[in-house]
Structure formats: C-alpha cells, structure tokens
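What follows is a short report on a single structure.
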Amino acid sequence: MNNNDLKILEIDEWLKPYSSVFYQWKSMAENKEYNLTNGQELCDFASGYLYYGLHKERKKWVLREWLPNAEKVFLIGSFNNWVETDAYSLNPKGNGNWQIELPVGDLQHGDLYALSVHWHGGSGKRIPAWARRVVQDDYTKIFNAQVWDPPTSYKWKHRKFVPSSHAPLIYEAHIGMSGEEERVHTYNEFRTDILPKIKKAGYNVVQLMAIPEHPYYGSFGYHVSSFFAPSSRFGTPEELKELIDEAHNMGISVIMDLIHSHAVKNEVEGLGRYDGTQYQFFHDGERGLHPAWDSYCFNYSKNEVLHFLLSNIKYWIEEFNFDGYRFDGVTSMLYLDHGLGKAFAGYDDYFSPNLDYDAVVYFKLANKLIHQLKPDALSIAEDMSGLPGLGAKIDDGGLGFDYRMSMGVPDYWIKLIKEKKDEDWDVGDMFYQLTAHRNEEKVVNYAESHDQALVGDKTIIFRLIDKEMYFSMRKDQPNMIVDRGMALHKMIRLLTASTAAGAYLNFMGNEFGHPEWIDFPREGNNWSYAHARRIWSIAQNNDLRYHWLGDFDAQMIRIINEHELLNIPEVWKIWENKADQVLAFTRGNLLFVFNFSPSNSYVDYGFPFEPFKFKPLLNTDSAYYGGYGRFDERIVYYTLPEDK
C-alpha cells in the first residue's frame, strides 16, 4: 500500500496513521458503485424517477412503486370515489415492485390519487413515494398525490446556463416567507419581486429552502414527506421552473437544500411504514429513529435506498435545472450517534467505530453523480464535525464536497457577543476563528443563517441593539447603542466575508438588519404569519437606518466580486494589536484594517508594510452607510518610511 496514491495523505501527514480508513472508503465506494451499476455510468443508474411513479406512456398510464412487504395494492382516487376495485389493483412484478396500466382516459389532469396498501396484519392509505405532485386540501388539510399532465410542458429559455466564474456569494432564501404580507408567498412572487433584489444586492447564487413537499410548514422544510414533489403550497412545478429559468437569465445559480439525512415519520403522506415496515427505507428499531429530530434515518447500506436517493439528486437537476445542493444534516448522517454532544477534539473522534461508512460511501457516490450531471454544480456540506476528507476531491481520497459550511463561525460570533463586552474582544482570536480550515477544503463563511434567526434565538443585529430596534431606528432619533450596533454589524459581516475560504452566505433580509426573529405559524402563536415574512419596506424607507446596512452589504459584495477576492486562497495577517483592538490583513491587492475599539480612534497609526499607495474602497464608518465619517475617503494614502 502506497500512501502517496491518495493526495489527501500528502496534504495532511497526521492522517497517515489512518491511511487504511481512506483506502477502505475508496474500495467500498468503488465496489458499491459497481454493484449498483454493473459497470455502467452512475448517472444512468440514478434514473429511478423515469421508471417509478405515475407516467403517461404512449396511450396509457403506468404507475409503478416499490413495496416489498405489501400483499395487495390498490390505486384509489377522485376518479373511482376512493374505493378499492379490481380494475385498479396493482400487479406484483417481482423484487417488491408493483405496477398498474390504465387507459389514458381513466386519469385526467388534476385528479387526486393515492395507494391503498395491504400487508400482513394491516393496511393503510399511502401517497406514492415517487409522486411528483402532492397537494393539500385547504379545508380537510389532507394530502394526496395529484395527476399532473398540463396541456403544454415548460419551455426552457436558458437551459444551458453557465454559472458565474466568481466565487459563490450565496443568498439563502425561503419562498413562502420571502414576501411582506402575512401569508405564504409563491414561486411567481419570488421570481418577480425577490430575484431582482438578490441581483441588485450582487449575490450570484440563491439557495432555496423547503422545496420538496413537507406536511408541516413550520418545519422550515426539513421534515420531507415527498422527495420528488416540489411544494405545491408555493405554486406549480412549471412556476418553479420559470423561477429558476429567470434566475439563470439574471446570471444567478440556484441550489437547493437537500434533506437526505432523515425523513418525516408521517405514514399517509410520508415514507413512514410505507409498506407496513419501518425498515423499508430506514434502519429498523432505535437506529432508525433520530433522537433529536423525531424523524426516521435512512439506511444507506440498502441498494434500493441508494437508488431512491441518487435518483432524487438526478431528478432535481435534470427536471428543474438546479445547479447543485446544500446537503443538510451531514454530521448526523456521518456518525451513528449523529454527532450529538460531540466535541471532535482529535482524529480518533473522526475515525472511531462511531463513523458510518455506509454514509461515507453514499456521499462519495452522490458527489460523483452531481458532477457527472453538471461538472460546475455546487455541492455543499452542512457539517459541524470537520471530518478530514469531507471537502477533498474523490480522486484525492475525499468525499467530494466542493464546500463545507463553516458552522463554527456563527457560533463564534454569538458566543462572543453574548459572553464578552466589545471592549474585551480579541482581534487575534477573531482572525484565527475565521480563517481556520483544513488545507484541502474550501468553506462557506457566514456570520448568520436562518438558524440564528429562529424563534428563541436572535439575529446579530438584534443581539447588538436589542430593544432599541423598536424605538431608535429612525434617523432623527440619535442613539449611541444603535450607532455602535450598526458599526459592529458592518464590521462583523465584512470580516467574515473578506476572510472566507471560498464562499460567503447571507440569509435573506439579514443584509439590512431585518428585525426580530423567524416564527412559523403554530399553535403556540395562534397560527400567526407575523414573523414568517420579510419586511422589505423598512430597507426602502429613507427615514430609517436599515437601508444603510443594505447599502453597505451591496458595496461589500460588489468589491468582493470585482476583485475576485474569494478566489484568492491566501489571507495574510500583517498586524494584530490586542490592546488597541486593531487587526490588519491583506488579500490579493486589498488591505483590510479593522479597529474594534468601542472608544478609541487612532490618528497616524502605523504598522509595518511594504511601500505602497492606497485608495479607500469601503469604510464602515462612512456617513453614506450611517457612520460618523471620521475617515477621509477622498484622498490616496501612501506608506511612509519609519522614523529611525
């Protein structure tokens, strides 16, 4: 065995004692792929959605589903008064597959349908696992699959979209809560109202949450029930396609939150006990139950489950032209204890028997498939463990993710703001925390995402300003707490973005300091939508301060783009004075200088630097962004020789 065969072992010599693990990952993934595909292309194997589910084939309808524990299966729906009849009985086809063929006139566009599944000792109504359209009745709240056969299919205008060559600047968004009214908003409204805002703000990737159907709106889309059905509460599949097409027209890539870490336990509208057993898609017994999420955990060792999940990846890319995925809950998938309560303090924590090798193999296959389908697609891991190899190329011995979410960064900012006064902030520790990452991986830096805005938590601006947001956000209401909070908000975001090792993310509205929290309609708030929306008007009101933060963010993003800053790997720290709370570093031909002191402004402040001249590009204290304007941005600055 030659350690030099895998590049990751050269990049990090501390991994050499674990070299056998990486070779085992490689062997397992190769064997599993061959076992699945019989030597063919992975992208050809991952086409289950073309076989399973409901399809119109020539002059007939064909419905196929995998139900290995079923003894009888009936198609029921609005077309037969939801009654089991022999005419709508599915036939067993072997290997757990069931099929029915019907004349094309038996089903019409818009008909509702489901399966009635019988197994030994029981039966139940089930929405087909491969259904592409699922709707909820407004009155009964019951979900059903829906025949979707519109007269004309969507005609793509920008099918061969080429993503931006700039580093990903990601705008995390939720369709339903993206508008200002207290209701669920739509794909069409997002396309016409929100995409232009994202374009104007300079972001080149939009990350859409809650796209696959989920029975409980308040789950933020993380308890998926129908993995192949875009949520009908936002509109039709064609309207989602039009949204993505328009984003591509604007030069914006569209990626999706992909939830393959678990599934909702619902049985009628989900995969829970789909064929009467828990173990069809999931692990049996306690291992199949997520202790923190009240959901089922997929069994990645089963070929049929891999077929389902890999086909799901191909489906969204092929059918909707998505440009990649942000994989949710990666840590939970990688470890048998889901990483709950783990510190991951050393390599032994990563490579212990707690690591789920089947999940590792799944990720290798998933990332290989994504880049077979779209070589320039994005694959991002939401992982807090930092598993070595997660962000390394598959050929180098890694799992193949393009980026890892730097989940420790928002946690760091929250802890810092909560536990220390800003006069005690350590600029050296800031720089370390924001630049620490493995050499082989690129990361997505972010100061806050939707996680930090959920009810029970606070956004950064609310932590910095608190109740003053209710009383002193008008420009004619002087307030030192608001002034300081806004200054820190700008500095935190600039420092986080400018040190990012590859990509940067912002959750919608946070760029202008959206007030308060996110809280979806639920029994505890009388099913209110008051906090499940974005109040864009406050950022458009020139009498309020919010637009200053939005204007600053837009200029920050513009500079990052123009200088291709995040494509430059090196970030060089040149000055750190903890007593003064001054930090300086360079990236490319840009010099960043931060003064985090809440009380001291420095005149004629010096630190060592090569002969150079500087033109100010962005100043957090500029009056244009709500600052005091204490720095003259009109002149060019030169380095001066040190007095001897």
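The values are calculated or read from the model by the stated rules, or taken from the named source; none is laboratory data. Since this is a predicted model, take the numbers as computed values, not measurements. No Cβ is skipped: glycine too gets one built from the backbone with ideal geometry, and neighbour counts run over all protein chains shown. Side chains are part of the model used for accessible areas, which takes the heavy atoms of the whole protein and leaves out ligands, DNA and RNA. Shrake-Rupley method; radii C 1.70, N 1.55, O 1.52, S 1.80 Å.
The table below gives the values:
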| quantity | calculated |
| --- | --- |
| Accessible carbon and sulfur surface of segment 470-525 relative to its total accessible area, %, 1.4 Å | 60 |
| The chain: angle of helix 546-562 to the longest principal axis, Cα-based, in degrees nearest 10 | 90 |
| Chymotrypsin sites (Phe, Trp or Tyr not before Pro) lying in DSSP loop within segment 374-450, provided at most 10 other Cβ fall within 10 Å | none |
| For segment 14-72: accessible area per residue (Å², 1.4 Å) | 56 |
| Integer Hz, Karplus 6.51/-1.76/1.60 couplings in order for segment 494-505, x for Gly and Pro | 5, 5, 5, 6, 6, 9, 4, 8, x, 7, 9, 10 |
| Potential lengthening between A343 and Y628 on full extension [0.36 nm per residue; Cα-Cα distance subtracted] | 98.4 nm |
| Label-to-label distance, nm, for residues given as W527 and Q99 (7 Å Cα→Cβ offset) | 4.4 |
| Calculated FRET efficiency for the pair H563/Y637, C-beta based, R₀ 25 Å, to 0.05 | 0.90 |
| DSSP-loop chymotrypsin sites (Phe, Trp or Tyr not before Pro) across segment 187-273, with at most 13 other Cβ within 10 angstrom | none |
| log10 of Debye I(q)/I(0), alpha-carbon scatterers only, for segment 502-569 at 0.20, 0.27, 0.29 Å⁻¹ | -0.86, -1.12, -1.19 |
| Separation between Cα centres of segment 150-219 and segment 473-526, rounded to whole Å | 21 |
| Global geometry of segment 537-608, whether rounded, prolate or oblate, following the gyration tensor of its Cα atoms and the 1.5 cut on a/c | oblate |
| Table column - 3J(HN,Hα) (Hz), segment 566-579, Karplus curve with 6.51, -1.76, 1.60, x for Gly and Pro | 7, 7, 9, x, 7, 10, 9, 7, 10, 7, 8, 10, 5, 5 |
| Gained length - R233 relative to I535, 0.36 nm times residue gap less alpha-carbon distance | 106.6 nm |
| Tensor-based shape of segment 562-644 (alpha-carbon gyration tensor, a/c under 1.5 rounded, otherwise prolate or oblate) | rounded |
| Whole-percent carbon and sulfur share, accessible surface of segment 538-599, 1.4 Å | 46 |
| Alpha carbon Rg of segment 433-587, scaled by the compact-globule rule 2.2 N^0.38 Å | 1.16 |
| Tilt relative to the chain, helix 357-373 - C-alpha long axis, 0 to 90 degrees, to 10 | 80 |
| Accessible carbon and sulfur surface of segment 320-417 relative to its total accessible area, %, 1.4 Å | 52 |
| Estimated distance in nm for a label pair at K7 and D476, the labels positioned 7 Å out from Cα along Cα-to-Cβ | 6.1 |
| Per residue value of the accessible surface for segment 220-266 (all protein chains in place, 1.4 Å probe), Å² | 18 |
| 5 angstrom amide H check on A503, placed H, neighbours 5+ away | V443, N445 |
| For segment 181-276: span of alpha carbons on each principal axis (Å, largest first) | 50, 27, 22 |
| Between segment 77-99 and segment 400-435, the Cα center-to-center distance that results, in Å | 56 |
| Extension gain from R287 to V268, taking 0.36 nm per residue of separation minus the Cα-Cα distance | 4.6 nm |
| FRET efficiency for N600 and E41, using Cβ-Cβ distance with R0 set to 60 Å, rounded to 0.05 | 0.45 |
| For segment 539-587: accessible area per residue (Å², 1.4 Å) | 44 |
| As computed over segment 503-644, the Cα convex hull volume per residue (Å³) | 173 |
| Spherically averaged projected area of the chain from its Cα convex hull (nm²) | 31.8 |
| Largest-first principal axis extents of the Cα set of segment 237-344 (Å) | 48, 38, 23 |
| Sparse-neighbourhood loop sites, trypsin sites (Lys or Arg not before Pro) in segment 461-499 - DSSP loop, at most 11 other Cβ within 10 angstrom | K467 |
